Amino acid sequence: MATKKYVSKGKVRYLRKPSRKKSFLKFLIPILLALALLYVLGTLGEGRSSKYTDYVIQVNKLVRESNETAKGFNELKEQVSMVSRAELKARLAQYIKDCADAQNDSDLTKIPERLKKTHPYLQLCFDMRTKGMEDYQLAIFNALKDEDLEVAGFQVSKALRYLALSDDAYGLYREKTEEFLKDEGIDASLLESRFLDDERAFEEARVLSYLQQLKGIETLEVIHGVAVVELETNPKRTEYSKETRTATLPKADDFIVTVTVENQGNQIENDIPVEITLKSETDPEGQIKSARISSLASDKREIITIQGLEPTGGGVVNLLTVTVGPLPGEKITTNNTREYKFVIK
């Protein structure tokens, strides 16, 4: 290594030339420290950003599902003339459940500390959507049942107003949350969400016009109707004459009649009367048995078994008549009765 000689107080000293290696380290260490600091700050920033983006992902999932519910509801409102009363009730019940699920999930969402002031707007939005749908279902069926639409119209209007206000609550939530994310330099955005296609749908004039249209839709009117759809005996017939429409039954110790009744209306019917009469050529007064169906839902069937009737044998013609109902308000009664003519040989 090269040295430089110099004199100090009568002594010869040598000045050592600085090491290249040490000079390089003095230059490199500050750079490494700066890079390490940037890495730490970047990691902390990334973790902070991830906390908010995860939150936005959770919320967008809820909003997307709520938008699907809203889409179905608006389509149902416009196409209600093409669905039965039973389907209308089932679909509204499903929409209520969907809204309640979103409401519950929004309560369970993991909220970053600095967004806890704005998240309640989202909870309020889902609360009002659930409330609005629950009230709407009750109100719309009141409107279909009541002759005077004033009270039911007000109920429907109030329910739709809840749904409209839910849109305002979400708009405020989205505005405040995205403003915070932008200020923090976080690249994340929330989905749009409007539950009502028509933001003025709750106005009473529009509601009354809509309900008046619904009242004219036959499928949504209250319909009462029961029918005898099957009638069988035991013993079963062995022959049948189409010409005389008479069945031939074998002799048996017991005679059993099985009747199948169907509710063909759109209401749950309770305490439905069923009457079975057996007459013959030699017994004009006949025998009567009766039964009652405690409850029968729309489109459902009930099977009733009757014993104790004693038909006349020896080739005498017997006439078995089964009648169900009629019910109060039942318009079609031609299918309430079925006859069965037979002889026993």
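Side notes on the structure shown:
- Residue among Thr233, Thr246, Thr282 that is among the polar types (S, T, N, Q), out of contact with any strand residue (DSSP E or B) (no Cβ under 8 Å at 6 or more places or on another chain) and farther than 30 Å from Gln79 by Cα: Thr282
- When Glu281, Glu199 are screened for being surrounded by fewer than 16 Cβ atoms within 10 Å (Cβ to Cβ) and in the same structural domain as Asn67 (by TED's automatic domain parsing), only Glu199 passes.
- Any hit, the stretch 82-105, residues being more than 20 Å from Val156 (Cα to Cα), in contact (Cβ under 8 Å) with a residue 40 or more places away in the chain, assigned by TED's automatic domain parsing to the domain that holds Leu160 and not aliphatic (A, V, I, L, M): yes
- In the set (1) free of Cβ contacts under 8 Å to residues at least 60 places away in the same chain; (2) buried (at least 18 other Cβ atoms within 10 Å of the Cβ), the condition left unmet by Val324 is number (1).
- In the stretch 221-245, of all residues being closer than 18 Å to Thr321 by Cα and among the hydroxyl-bearing types (Ser, Thr, Tyr), the one that is surrounded by the most Cβ atoms within 10 Å (Cβ to Cβ) corresponds to Thr233.
- Residue in the stretch 313-322 that is farther than 30 Å from Lys89 by Cα, assigned to a strand (DSSP E or B), outside the structural domain of Ala90 (by TED's automatic domain parsing) and not hydrophobic (A, V, I, L, M, F, W, C) present: yes
- Test result for Ile272, in the same structural domain as Glu339 (by TED's automatic domain parsing), of a type in the set (Val, Ile, Thr) and within 23 Å of Gly329 (Cα to Cα): yes
- Residue within the stretch 203-222 that is aromatic (Phe, Trp, Tyr) and assigned to a loop (DSSP other than H, G, I, E, B) present: no
- In the set Asp127, Asp135, Asp167, only one residue is in contact with a Lys or Arg (Cβ under 6 Å, 6 or more places away or on another chain), surrounded by 16 or more Cβ atoms within 10 Å (Cβ to Cβ) and part of a helix (DSSP H, G or I); that residue is Asp167.
- All positions within the stretch 278-300 that are over 18 Å from Lys341 (Cβ atoms) and in contact (Cβ under 8 Å) with a residue 40 or more places away in the chain: Leu296, Ser298, Asp299
The rows are residues; the columns are (1) over 17 Å from Ala139 (Cα atoms); (2) assigned to a helix (DSSP H, G or I).
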| site | (1), (2) |
| --- | --- |
| Leu88 | no, yes |
| Gln94 | no, yes |
| Ala102 | yes, yes |
| Asp107 | yes, yes |
| Lys110 | yes, no |
| Arg114 | yes, yes |
| Lys117 | yes, no |
| Pro120 | yes, yes |
| Gln123 | yes, yes |
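- So Ala139, is it touching a Ser or Thr at 6+ places or on another chain (Cβ under 9 Å) and free of Cβ contacts under 8 Å to residues at least 24 places away in the same chain: yes
- Restricting the stretch 174-186 to residues that are buried (at least 17 other Cβ atoms within 10 Å of the Cβ) and outside any loop (DSSP other than H, G, I, E, B), the residue that is nearest to the chain's Cα centre (by Cα): Arg174
- Considering Gly153, Gly171, the condition of being farther than 30 Å from Ser84 by Cβ, assigned by TED's automatic domain parsing to the domain that holds Phe73 and within 28 Å of the chain's Cα centre (by Cα) is satisfied by Gly171 alone.
- Residue list for the stretch 52-86, restricted to those being among the small types (Gly, Ala, Ser) and not in a helix (DSSP H, G or I): Ser84
The values are calculated or read from the model by the stated rules, or taken from the named source; none is laboratory data. In this text the structure is predicted, and so the values were computed from the model without any measurement. Ideal geometry is used to build each Cβ from the backbone, glycine not excepted, and the neighbour counts take in all protein chains shown.
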